[in-house]
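Below you'll find the structure, written out as structure tokens, and then a few comments.
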Amino acid sequence: MVTAGAVVAVVLLMNSGSPGGDQANGGTPSVSTKASVSPSPTVEGTSRPQTLPPGAHREAGGFAWATPEGWRRDVKTGAEVHYTSPDGKQELVAKSSLARGDLMETWETSEENAHQGEDYRKIRLEETKFRDYPAVVWEYTFTLQGTKWHARLLGFNADGKSYQINTWYQPDIENQAVKTYDKVTDSFTIL
């Protein structure tokens, strides 16, 4: 699974300039309607601590999300973290970086480079919104060392930063993998 993640990361990072460049994935074109929770003002100049969705935990990349229990956590950088299912059939990735350039243009370049991968097939690459932020979703399939994979990537820009919430999984677990990904994506909160 780490190898699958490395291939996807290489394709995505070729043109993004930094970990967590400007890539995207999602289950539907309008990925989520839940808004990030902002602290409520209390007394002038102060605010209440930010409330996170149930089960969400903070990551060093300036975001929080609720990841499945029992999955292996692997921190690639302070701003990029991977979670791998116990059976190795699904990986979840979230990362952040400074926003650079046009999100769709960056992803189109990455998609052109993805054609070098074995059995690469684009399902969609399109602009959308993630909570009111401009976003891109990219969905595709590929083969790595004889194993077929399905990738769903979501990238969006917010307040000068670029965020990604990605997954890749083996097609035989698609129903559960998509449910897991949607739940994690819905919990994603910018800090």
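Taking the range 67-106 as the region of interest, how many residues are among the aliphatic types (A, V, I, L, M), closer than 15 Å to Asn157 by Cβ and open to solvent by 30 Å² or more (accessible area, probe 1.4 Å)?
Number satisfying all stated conditions: 2.
If you go through the range 27-66, how many residues are open to solvent by less than 30 Å² (accessible area, probe 1.4 Å) and at pLDDT 90 or above?
8
Only one residue in Glu126, Glu112, Glu118 is assigned to a strand (DSSP E or B) and of a type in the set (D, E, K, R), so which one is that?
Glu126
Tell me whether the range 94-102 contains one or more residues that are under 25 Å from Asn175 (Cβ atoms), modelled with pLDDT of 95 or more and in a strand (DSSP E or B).
Yes, because at least one residue in the range 94-102 is under 25 Å from Asn175 (Cβ atoms), modelled with pLDDT of 95 or more and in a strand (DSSP E or B).
Return yes when Thr128 is open to solvent by 20 Å² or more (accessible area, probe 1.4 Å), within 17 Å of the chain's Cα centre (by Cα) and touching a residue at least 60 places away in the same chain (Cβ under 8 Å) and no when it is not.
yes
If you go through the range 134-150, how many residues are open to solvent by less than 20 Å² (accessible area, probe 1.4 Å) and not hydrophobic (A, V, I, L, M, F, W, C)?
Residues meeting the conditions: 4.
Pairs only if they're at least six apart or on different chains, beta carbon under 6 angstrom, first in the range 48-73 and of a type in the set (Val, Ile, Thr), second surrounded by 13 or more Cβ atoms within 10 Å (Cβ to Cβ); list them, first residue then second.
So the pair list comes out as Thr51/Val37; Thr67/Tyr83.
Would it be correct to say that Tyr120 is buried (at least 21 other Cβ atoms within 10 Å of the Cβ) and of a type in the set (Ser, Thr, Tyr)?
Judged against the criteria, Tyr120 is not a match.
Just to be sure I understand, how many residues within the range 147-191 are part of a loop (DSSP other than H, G, I, E, B) and modelled with pLDDT of 95 or more?
Total satisfying the criteria: 2.
Report whether or not Glu105 is part of a helix (DSSP H, G or I) and either more than 21 Å from Lys183 (Cα to Cα) or without any contact (Cβ under 8 Å) to a residue 24 or more places away in the chain (or both).
yes
Tell me, which residue of the range 49-93 that is polar (S, T, N, Q) and assigned to a strand (DSSP E or B) is nearest to Ala177 (Cα to Cα)?
Among those residues, the one meeting the criterion is Gln90.
The values are calculated or read from the model by the stated rules, or taken from the named source; none is laboratory data. Model, not experiment: these values are computed from the prediction. Because the Cβ atoms are built from the backbone with ideal geometry, glycine has one as well, and the counts that use them run over all protein chains shown. SASA here: full protein model, heavy atoms, side chains in, ligands and nucleic acids out. Shrake-Rupley method; radii C 1.70, N 1.55, O 1.52, S 1.80 Å.
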